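Take a look at the structure set out below.
Where a number appears in this text, it was derived from the coordinates with a stated rule and is not lab data. On a predicted model such as this, the values are computed, not experimentally measured, just so you know. For neighbour counting, all protein chains shown are included, and Cβ atoms are generated from backbone atoms with ideal geometry for every residue, glycine included.
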Amino acid sequence: MGQMRLHRYIGQSGVTSRRKAEEYIRDGRVMVNGETIVDMGISIDPEVDVVFVDGTPVGLPSHQSYLFYKPKNVMTTLSDPQGRKTVKDYFPPSSTGLKPVGRLDYQTDGLIVVTNDGELAAQLTHPKWGVEKEYEAVVRGVPSHKSLDKLRKGVWIEGGKTAPAIVELVAGKEGDEQSRVVLVIHEGRKNQVRNMLSSVGHKVLSLRRTRIGPFLLKGLRVGEMRKLGQKEVAQLRKSLG
């Protein structure tokens, strides 16, 4: 594994956030190999050094990553003040520190990644890596060629102009009441696909995420979680560069 910064190690252990870990170090609450550490820049070897926070030894959890088919009417959060069902209700009982990566809105179903690997989660959500996300939308009416071209080049929505996207009309012809559109984007703004289609005059009636990077929704049942093997995680990391 090699050397890693102490505050990052504590953050990944699940004891607290990386930012809070810095406060713990400053406050003298952290010991390494029996010695109190207040140096913020120290690095440790997780395979050799022993770290204590408030007198309790801490370690890195074994990383677990899953693909999850989020149903409609489920919050992509770990709790909900209104008492609605959340993705956490589907987590395996033995799981530790799992969190959803990114969000799908309440009415949208489809694929999300769930992991306790903070580094992987950060890579999947950072714009730098440009992870492709594919959506299938059923919309009111049938987008024209001109509208599809606008979406491909980028449209203005809240937050600015969208990046170029792959957009295809896969079902529907002129005069139909509704049609089906596939979009591939690599951004992650709130309600982005719905807002993109609305900007060219087509309300989204239903929306499903069908792919994240190399992983497809196909083969998963609604509400099902499938654990990723080491080779699959390595494949995902490779796709992130």
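Summary table below
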{"item": "Label-point gap, in nm, between Arg226 and Lys153 - each point 7 angstrom along Cα→Cβ", "result": "3.9 nm"}
{"item": "Modelled FRET efficiency - R0 51 Å, Ser198 with Thr56, Cβ distances, 0.05 increments", "result": "0.50"}
{"item": "Pairwise centroid distance, computed over Cα atoms, of the range 145-197 with the range 1-47, Å", "result": "45 Å"}
{"item": "Net +/- balance of residues flanking Ile44 in space, Cβ distance below 15 Å, scoring K and R +1, D and E -1", "result": "-3"}
{"item": "Estimated FRET transfer efficiency (His126, Val182; beta-carbon r; R0 22 Å; 0.05)", "result": "0.35"}
{"item": "Relative contact order (%) - criterion: Cα under 8 Å, at least six apart; region: the range 75-178", "result": "17 percent"}
{"item": "Gain on full stretching of the segment that runs from Arg26 to Gln3 - 0.36 nm per residue minus C-alpha separation", "result": "6.2 nm"}
{"item": "Least to most buried among Lys146, Lys20, Lys99 (fewest other Cβ within 10 Å first)", "result": "Lys146, Lys20, Lys99"}
{"item": "Distance (nanometres) between label positions extended 7 Å along Cα→Cβ at Val38 and Arg18", "result": "2.5 nm"}
{"item": "Residue pairs, from the table Lys88/Lys153; Lys85/Lys238; Lys85/Lys150; Lys133/Lys231; Lys99/Lys150, whose Cα atoms sit over 30 Å apart", "result": "Lys88/Lys153; Lys85/Lys238; Lys85/Lys150; Lys99/Lys150"}
